[in-house]
Amino acid sequence: MVDESAPAGIGSVAHYNLLERLGSAGPGELFRARDTHLGRTVAVRLLPSEFVRDAGARGRFLEEARSLAALSHPNITTLFDVGEHDGRVYLVFEHLKGQSLRAEMAGRPMNVRRAVELAVQIADAVAGAHAAGFVRGGFSPDSIAITAKGRAKIPVFEPAAHSGLDRDDPAIRHPDYGSPEEAGGQPTDERSDVYTVGAIVYEMLTTRRPLRRGSAAPSASNRNVPAAVDEVVLKAVAPNAASRFQSAATLAAELRTAAATLEVRA
């Protein structure tokens, strides 16, 4: 049982010994922990007790969460285990060493080549999730991890977003990066995630999030951004979903083409 008042490093959840409390975007609490069965370090997210009160909804949530364990992609954090402990749901992920994308951004425009490199990885991850049937995942620069080797890892798509449980919970969603249709309470689809990726790339290049009604090109505030990158980013964050890239896979392909132009310029 977790002792909420105990210092970090005290307590256990199932067969996971909690070693350290971590700061993290997302619902509940996140811990660095030791899997005593497999002898590896993991990350354990302990969801709030009120997260899923209804027994039927909780069962559906656990079923959906377990299905995420089959989602395998080099740029998506791996989910190892899901269960219940003392009336609370827990999720066990791979433990990543590194920092958040927000930390790498450091409040200033990123190097354009680096930003596009990470954008390709993020778009690839979203495309992989879409191919597996998971749409509308909650992610932002705060929840995207940059590993010690410099690769981007988006959080495994929040099961709550996939199963329809409390989608408006601000601890689950990242409204600042949501699409115009999501903000307006309208139906969403894969193109809404395309907008989120575009919004994150826009911020990497300019330090600002795009306006949902339409924004100036990134080059308007960052002269190092070439026209090819402007074109891709603006299409990704188009206010009208029909004007965006229709899939994350297409966005990733266009970002790769833009990256190639950057290599030629270099």
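The values are calculated or read from the model by the stated rules, or taken from the named source; none is laboratory data. None of the values given here were measured: they were computed from a predicted structure. As a convention, Cβ positions derive from the backbone with ideal geometry for all residues, glycine included, and neighbour counts pool all protein chains shown. Surface areas here come from the heavy atoms of the whole protein model, side chains and all, with no ligands, DNA or RNA. Shrake-Rupley method; radii C 1.70, N 1.55, O 1.52, S 1.80 Å.
A few notes on this one:
- The alpha-carbon of Lys97 sits under 17 angstrom from the alpha-carbons of these lysines, leaving out residues fewer than 8 places away in its chain: Lys149, Lys153.
- Exposed-loop-free span, longest in the chain, where trypsin sites (Lys or Arg not before Pro) count as exposed if DSSP calls them loop and at most 12 other C-beta atoms lie within 10 Å: 150-212
- Over the chain: helical MRE at 222 nm, DSSP H runs n ≥ 4 each giving -39500 (n - 2.57), nearest 500: -11000 deg cm²/dmol
- A 1.4 Å probe, protein heavy atoms only, puts the accessible area of Val194 near 0 Å².
- One Cα centroid belongs to the stretch 84-109, the other to the stretch 209-266; the line between them spans 27 Å.
- Rough spin-label spacing in nm, given labels placed 7 Å along Cα→Cβ, for Arg213 and Glu84: 4.8
- Rounded FRET efficiency, nearest 0.05, which uses the C-beta distance separating Arg32 from Lys235 and R0 of 41 Å: 0.55
- Think of a 1.4 Å ball rolled over the protein heavy atoms: the chain then has 45 Å² of accessible area per residue.
- Accessible surface of Thr78, taken over heavy atoms with a 1.4 Å probe and every protein chain present, rounds to 50 Å².
- For the chain, the relative contact order is 16 percent, taking Cα pairs closer than 8 Å that sit 6 or more residues apart in sequence and dividing their mean separation by the residue count.
- Positive-end residue, the chain charge dipole about Cα centroid, Cβ charges, pick of Thr261, Leu234, Ala14: Thr261
- Surface accessible to a 1.4 Å probe, Leu19 within the full protein complex, Å²: 70
- Here r is the Cβ-Cβ distance between Arg223 and Arg151 and R0 is 35 Å; the resulting FRET efficiency, rounded to 0.05, is 0.80.
- Given the choices [x] 90, 42, 40; [y] 55, 38, 30; [z] 49, 37, 35, Cα extents along the principal axes in Å derived from the coordinates of this structure is entry [y].
- Protein heavy-atom surface of the stretch 10-124, 1.4 angstrom probe: 47% of the accessible area is carbon and sulfur, with nucleic acids and ligands not counted.
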